[in-house]
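I have placed the structure first, in the form of structure tokens, so that the comments after it can refer back to it.
The values are calculated or read from the model by the stated rules, or taken from the named source; none is laboratory data. Keep in mind it's a predicted model, so treat the numbers as computed, not measured. Glycine also receives a Cβ, built like all others from the backbone with ideal geometry; neighbour counts cover every protein chain displayed.
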């Protein structure tokens with residue numbers, strides 16, 4: 001059964017929030033990071049998706065969550081981060097073209113998750129960084145575009161078995 005990208009993100013989020021240590025992980029991060037002060041764990045996804053929250057506050061919370069992801073545990077922070085950015089990741093995935101037969105939409109969705117987590121681990125994140133979500137999505141989209149281009153070139157360089165047999 002194929003699960004959509006939003007479904008994959010929702011499953012991961014449910015598992016992360018169900019961890020018996022989830023609240024403890026968040027409280028530890030609150031002690032380390034000022035960006036989490038005044039909010040609770042359940043507010044994080046809504047905070048990133050609300051138009052009423054100022055952009056500077058969303059940048060601060062997202063950057064704080066990325067730093068928490070880098071410190072770990074990734075089994076908790078990864079799904080939470082993906083949930084916070086879910087709508088933006090789904091919009092980005094819709095713009096990408098699958099490369100059948102080797103790469104279908106499910107492969108693209110899974111690669112979106114891989115590249116988003118890679119972006120969280122590797123993207124530059126200076127103090128007082130602005131436009132964090134935009135930077136995150138751009139970093140992820142760049143990696144995904146390169147991956148799809150490699151797949152397109154790889155497929156173009158291959159010939160089917162039937163064509164090869166006819167040329168013999």
Selected residue [touching a helix residue (DSSP H, G or I) at 6+ places or on another chain (Cβ under 8 Å), part of a helix (DSSP H, G or I) and closer than 30 Å to residue 28 by Cα] from 134, 118, 143, 130 | 118
Over region 75-114, the set of residues at pLDDT 90 or above and outside any helix (DSSP H, G or I) is 85
Return the total of residues in region 23-40 being surrounded by fewer than 18 Cβ atoms within 10 Å (Cβ to Cβ), in contact with a helix residue (DSSP H, G or I) (Cβ under 7 Å, 6 or more places away or on another chain) and either touching a residue at least 24 places away in the same chain (Cβ under 8 Å) or over 13 Å from residue 65 (Cβ atoms) (or both).
-> 2
Identify the single condition in (1) more than 14 Å from residue 133 (Cβ to Cβ); (2) not in a loop (DSSP other than H, G, I, E, B) that residue 48 does not satisfy, given that it satisfies every other one.
-> (1)
Being under 19 Å from the mean Cα position of the chain (by Cα) and either exposed (fewer than 14 other Cβ atoms within 10 Å of the Cβ) or without any contact (Cβ under 8 Å) to a residue 12 or more places away in the chain (or both) narrows 4, 13 down to just 4
Members of region 78-88 found to be over 8 Å from the mean Cα position of the chain (by Cα), free of Cβ contacts under 8 Å to residues at least 60 places away in the same chain and surrounded by 23 or more Cβ atoms within 10 Å (Cβ to Cβ), listed by number | 84
